[in-house]
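The values are calculated or read from the model by the stated rules, or taken from the named source; none is laboratory data. Bear in mind that the values here come from a model prediction, so they are computed numbers and not experimental data. Don't worry about glycine lacking a Cβ; one is built from the backbone with ideal geometry, like all the others, and counts go over all protein chains shown. Just the protein is used for accessible areas: all its heavy atoms, side chains included, with ligands, DNA and RNA removed. Shrake-Rupley method; radii C 1.70, N 1.55, O 1.52, S 1.80 Å.
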Amino acid sequence: MFCINYSLTPDAAALRDFDFSILSPDARVDVAELKRGGHPAYAYLSIVEVAKDAAYRHEVAARKIPMLGKNDIWQGDFADVSQPAWADFVVNTLAARAAQKGFGGFFLDTADSVELLEKKFPQRGAAFRDGVVALIKQLKAKFPQHKVILNRGFPMLARLTGSVDGVLAESVFQKYDFAAKKYVPEAPAGTDWLLNILRTISQAGVPVYVVDYVDPADTKLAEATARRIAAEGFVPFISTVELDGKFLAPKPPKRAALAS
């Protein structure tokens, strides 16, 4: 079991209910102690976008790494991932800081934003993909003992054998509709497309983690969704779209016993 909690003050006791957790690298919790106790934390790293509220924005600007537009939903800036300076910053600054704090792995987000960059700059698509692949390989080479979980990034996976220890995907069965501002089922075609990809990855021996989003008031749907994901052979985590510590399903054994 795993969880994601991007709040700055996660409950360390709750994190110990899970095999590992994915946290903000700025989380105010003793991740080194969690690791010693057998519950490592993975640091969130955005490998294509710079979030609008990222504390390190000024460092990116100081390195003169070009920005290539914004993500319309999250308002983060797309970094020019074809520039070696970007990979150097992510690996040798952001990841190195997380490793020093005691994080036992890395969760790499926004990889699929490469596809958005390709749509904006079709002639540079290969260079963008090459840059992200090089970044992930550099990361694994520098921190070979740290686990690396990639959020989607499917078109690049074939080139990352040995550099990625797991793949995560969001919204397989249930999702949050940002336009309608409500939780809704994923369209059947989208579910089928994603399941086919994830099954292939799983059959190749790569662990697959799935995060689906459910209204916190609908506990039965959360539990049923977790069971559907587990039935596919994937590791489920059901939460709210904020990913701020609401662990809806599956319930960790300790907490399930307390609730019964």
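Restricting the calculation to Cα atoms, every distinct pair contributes to the Kirkwood radius of the stretch 190-260, found to be 13.0 Å.
With the biggest extent put first, the Cα atoms of the stretch 154-222 measure 40, 22, 18 Å across the principal axes.
Would you compute the Debye intensity of the stretch 103-185 from its alpha-carbon atoms alone, equal scatterers and no solvent, and pass along log10 I(q)/I(0) at q = 0.16, 0.18 Å⁻¹ to two decimals? Treating every Cα as an identical point scatterer, log10 I(q)/I(0) equals -0.71, -0.83. Based on Cα atoms of the stretch 1-118, Rg over Rh with Rh as the Kirkwood radius reads 1.00.
Taking the longest Cα principal axis of the chain as reference, the axis of helix 125-142 is set at about 70 degrees. Considering only the Cα atoms of the stretch 125-260, their convex hull presents on average a projected area of 10.2 nm².
Size estimate for the chain follows the Kirkwood approach: the inverse of mean 1/r over distinct Cα pairs works out to 18.9 Å.
In units of 2.2 N^0.38 Å, what is the alpha-carbon radius of gyration of the stretch 58-200?
In units of the 2.2 N^0.38 Å rule of thumb, it is 1.12.
Just the protein heavy atoms count here, and of the accessible area of the chain at 1.4 Å, carbon and sulfur take up 54 percent.
When shorter helices are ignored and each DSSP H run of at least 4 residues is given -39500 (n - 2.57), the per-residue value for the chain at 222 nm works out to -10000 deg cm²/dmol. Ordered by 1.4 Å accessible area with all protein chains kept, Thr93, Thr9 run largest first as Thr9, Thr93.
Relative to the longest principal axis of the Cα atoms of the chain, helix 188-203 runs at roughly 80 degrees.
The order of the peptides 203-212, 102-111 by mean Cβ neighbours within 10 Å, most packed first, is 102-111, 203-212. Taking every protein chain into account, the accessible area of the stretch 1-109 amounts to 43 square angstrom per residue (probe 1.4 Å). Out of every Cα-Cα pair that the stretch 18-72 contains, those further apart than 18 angstrom amount to 46 percent.
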